[in-house]
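Asks: I have a structure I would like to understand better, so I am pasting it below and will then ask my questions one at a time.
The values are calculated or read from the model by the stated rules, or taken from the named source; none is laboratory data. Values in this document were obtained by computation on a predicted structure and should not be read as measured data. FYI the Cβ positions are ideal-geometry reconstructions off the backbone, even for glycines, and counts take in every protein chain you see.
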Amino acid sequence: MIRIDILVPVFVDLWDEKVLEAAKKVAAPDVDIHICHLEHGVASLESGYDVAVSGKCVVDKAQELEAQGSQGIVVYCFKDPVIDACKEKLNIPVVGIREAAIALAGLMGDNIAVITTRKFSVAQYKRVLKGKVHEVTCLDIPVLELGDYERVYKTLDERVGQVAAKGSDIVVLGCGSILNLDFHSIEEKYGIPIVLPVYAGVIACEFMVRTGLKQSRIAYPIPDEKEFR
């Protein structure tokens, strides 16, 4: 069996069950998916500040999972929090769901639209994805309210229509917690594919583990150990 761990970088378990269910839909039968969240940190990652205060907890948890026998880790937040640090410190594949989803979307379309949760994320993604995406917009719904599926579906339907009208030809959901919706009906309505980050992250990580690949040590050299006070 191949063991892949999905690390949700918040202290709440609101999404664990749904994320695990979605991940198992695309993982091969010989892949054992584990899911965990942080013991400490914040309840949701919506701003750069949230990422900063949770960063060390994410790296520490990722190292703990590696020590426990994980063969690959998916960091489950579209902000890809401290993903570079995790790739430097770990000797197993580490995949961020944003990087995986954007890469996969590039195989299917030319003008990528990211639809995320709130304005904090819109500003950040416009900066970090500059040149890679055509449009970034949001549902204007807090992460902790994404369980209101009727509201989320209605708003997502509207946003997909808006970005399609502006020339986008593929949509990437800019939050791993946008789940449990009839995405196919929206795809058929507007003729535009929707990439779920959970699928992209799990598939990419499984591919790397199965083929014996991991992050380049030229791109991500192992950092020196330093005193921390």
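Asks: Does L196 satisfy the condition of being under 18 Å from K18 (Cα atoms) and at pLDDT below 95?
Replies: So L196 fails the test.
Asks: Here is a follow-up. Quick one: which residue in V58, V12 is buried (at least 23 other Cβ atoms within 10 Å of the Cβ), in contact (Cβ under 8 Å) with a residue 24 or more places away in the chain and among the aliphatic types (A, V, I, L, M)?
Replies: Sole residue among the options that is buried (at least 23 other Cβ atoms within 10 Å of the Cβ), in contact (Cβ under 8 Å) with a residue 24 or more places away in the chain and among the aliphatic types (A, V, I, L, M): V58.
Asks: Related question: Looking only at region 138-161, count every residue that is farther than 17 Å from D110 by Cα and touching a strand residue (DSSP E or B) at 6+ places or on another chain (Cβ under 7 Å) and tell me the total.
Replies: The total comes to 4.
Asks: Still on this structure, I have one more. Just to confirm my filter: which strands (runs of 3 or more DSSP E) fall fully inside region 1-94 and include at least 2 residues that are touching a Pro at 6+ places or on another chain (Cβ under 7 Å), acidic (D, E) and farther than 20 Å from G174 by Cα?
Replies: none
Asks: Moving on. Just a yes or no: is a residue in region 179-190 under 30 Å from S70 (Cα atoms), surrounded by 20 or more Cβ atoms within 10 Å (Cβ to Cβ), under 16 Å from the mean Cα position of the chain (by Cα) and not assigned by TED's automatic domain parsing to the domain that holds K24?
Replies: Within region 179-190, one or more residues are under 30 Å from S70 (Cα atoms), surrounded by 20 or more Cβ atoms within 10 Å (Cβ to Cβ), under 16 Å from the mean Cα position of the chain (by Cα) and not assigned by TED's automatic domain parsing to the domain that holds K24.
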